[in-house]
Amino acid sequence: MMSTVPLSRDAGTHACRVGTRADALLLTAALILTAACSAPNPLPILGQVPPFQLTDQTGQSFDSQSLDGHIWVADFIYTTCPGPCPMMSSQMRRVQLSTTPNISLVSFTVDPRHDTPPVLAAYAGHFTADAARWHFLTGEPSRLSDLGLHAFKLNSVDGSLIHSTRFVLVDGARRIRGYYTDTPQLLHDIRQLEREPS
């Protein structure tokens, strides 16, 4: 009889320990789920793109007001670029295919002397750009340079054809919300920005 009491006591103590471990595991799981369900931090505001007017691939005047209220992605390319530009435009195409039609894409040329509207239109066709969403813009070199350097903080348009390979995420109020070198993070942040209250 004496031997059953310690066994009962050990069993009770062991059960208590298991309960404590189970409680700790449940608490940890609850904390993880709570953290996963909480809203992510808003994307930072990194700058402001001023209003601008340029010319698109159709030869029509393009006013940045048409982007107001829309999330958009910008990059700087040129059509005779042998290296990164085709890869960047392929990534922009991926963004076009992976997002809703209310997301706009804007590619600014760094070679406005060569990249006329017909040249940009042919380049856009190579990447099956949706002309309603993806705008290829050209214009006065000084205006493009001002946008590249001062608005987007990326590069000048000075005839050197040197340009950034980063993508810029801009919200509906023309505020810069992020810079990206790859599309997975960009797509993630587009979706987050879509959920952000206006």
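Some observations on this one:
- The listed residue being surrounded by 16 or more Cβ atoms within 10 Å (Cβ to Cβ), out of contact with any His (no Cβ under 9 Å at 6 or more places or on another chain), over 17 Å from THR79 (Cβ atoms) and modelled with pLDDT of 95 or more, out of LEU187, LEU144: LEU187
- Answer residue from the range 46-65, given it is surrounded by 12 or more Cβ atoms within 10 Å (Cβ to Cβ) and under 22 Å from GLY178 (Cα atoms) and is farthest from the chain's Cα centre (by Cα) among those: PHE52
- Any hit, the range 71-85, residues being more than 18 Å from ARG175 (Cβ to Cβ), assigned by TED's automatic domain parsing to the domain that holds ILE190 and within 14 Å of the chain's Cα centre (by Cα): no
- Scan of the range 158-198 for residues that are of a type in the set (Val, Ile, Thr) and in a loop (DSSP other than H, G, I, E, B), ordered by number: ILE162, THR165, THR181
- Residue list for the range 129-157, restricted to those being assigned to a loop (DSSP other than H, G, I, E, B), under 22 Å from VAL95 (Cβ atoms), out of contact with any helix residue (DSSP H, G or I) (no Cβ under 7 Å at 6 or more places or on another chain) and not aliphatic (A, V, I, L, M): PHE152, LYS153
- Per the listing GLY178, GLY172, the residue uniquely at pLDDT 95 or above and surrounded by fewer than 19 Cβ atoms within 10 Å (Cβ to Cβ) is GLY172.
- Residues in the range 17-43 that are exposed (fewer than 10 other Cβ atoms within 10 Å of the Cβ) and at pLDDT 95 or above: there are none.
The values are calculated or read from the model by the stated rules, or taken from the named source; none is laboratory data. This structure is a prediction, so every number in the text was calculated from the model and none was measured. Using ideal geometry, Cβ is built from the backbone for each residue, glycine included, and neighbour counts are taken over all protein chains shown.
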